[in-house]
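The values are calculated or read from the model by the stated rules, or taken from the named source; none is laboratory data. Just so we're clear, the structure is a prediction, and the values are computed from it rather than from any experiment. Counting neighbours? That spans all protein chains shown, and the Cβs are built from the backbone with ideal geometry, glycine included. Note: accessible area is taken over every heavy atom of the protein model, side chains too, but ligands, DNA and RNA are not part of it. Shrake-Rupley method; radii C 1.70, N 1.55, O 1.52, S 1.80 Å.
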Amino acid sequence: MIAPSAASDPVPAVVELDGFSLQLLEPAHAHLVVQMLAQRGNRYILDFPPDAGTIAAVLADLPREPWTLPLAAVRDGECVGMATTALANVKALHAGFTALFTDPTDAALPLAMMIRHLFWSFPLRRIHAQIPAMDLTREYVDLLTSVGFVDEGRLVAHVLVAGQPFDMVALGLLRTDFE
């Protein structure tokens, strides 16, 4: 179950639909990010040390950046995914997007809810993601394209995993295409 620390008030659901709710992801939820990073392939999507203290500090700093909104998708009291924008370009009105799920093959609805909430909350025209082109992350490419992201190309041999180079799939989604 996702719940803030006992010292603060519960975070109200931001959006609810078909049993999913979106909640703000706060520093007290760092342990959930650690658990999500341990899921199959997720550590290749977000290359981050699985240290709750470091993650809590990042979650505390993230809202200070323009147009960031770390969200958790919750179903039946369990965190099933999380997403946020980052590295916004306020002139071009776009931002990077990262999403992690316990089961990416069954996450189209919570992902679409998150994206819709981001587009409603910020004047973004485009969000973009980069996914390593490998078997463990293929389901994320499929997930993102299922909600409207388009393949914008590849960064050849852009990331090293266990000493082996992999391409990065560049995906983008325009607000007008999502709407």
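Couple of notes before you dig in:
- Pair list, Cβ under 9 Å, 6 or more apart: the range 96-108 residue more than 11 Å from residue 36 (Cβ to Cβ), other residue assigned to a loop (DSSP other than H, G, I, E, B) and among the β-branched types (Val, Ile, Thr): 108/147
- Residues satisfying the stated conditions in the range 34-63, i.e. assigned to a helix (DSSP H, G or I) and of a type in the set (Lys, Arg): 43
- Among the residues of the range 134-179, those identified as in a loop (DSSP other than H, G, I, E, B) and more than 19 Å from residue 40 (Cβ to Cβ) are 147, 148, 149, 163, 179.
- Of residues in the range 134-156 being open to solvent by 50 Å² or more (accessible area, probe 1.4 Å) and among the β-branched types (Val, Ile, Thr), the one farthest from the chain's Cα centre (by Cα): 156
- Considering the range 92-133, the residues that are charged (D, E, K, R) and assigned to a helix (DSSP H, G or I) include one that is least open to solvent (accessible area, probe 1.4 Å), namely 106.
Per-residue answers, yes or no, for (1) farther than 14 Å from residue 78 by Cα; (2) open to solvent by 70 Å² or more (accessible area, probe 1.4 Å):
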site	(1), (2)
25	no, no
31	no, yes
35	no, yes
39	yes, no
45	yes, no
48	yes, no
52	yes, no
57	yes, no
60	yes, no
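- Leading residue by the ranking (farthest from residue 17 (Cα to Cα)) among those in the range 74-91 that are part of a strand (DSSP E or B) and over 10 Å from the mean Cα position of the chain (by Cα): 89
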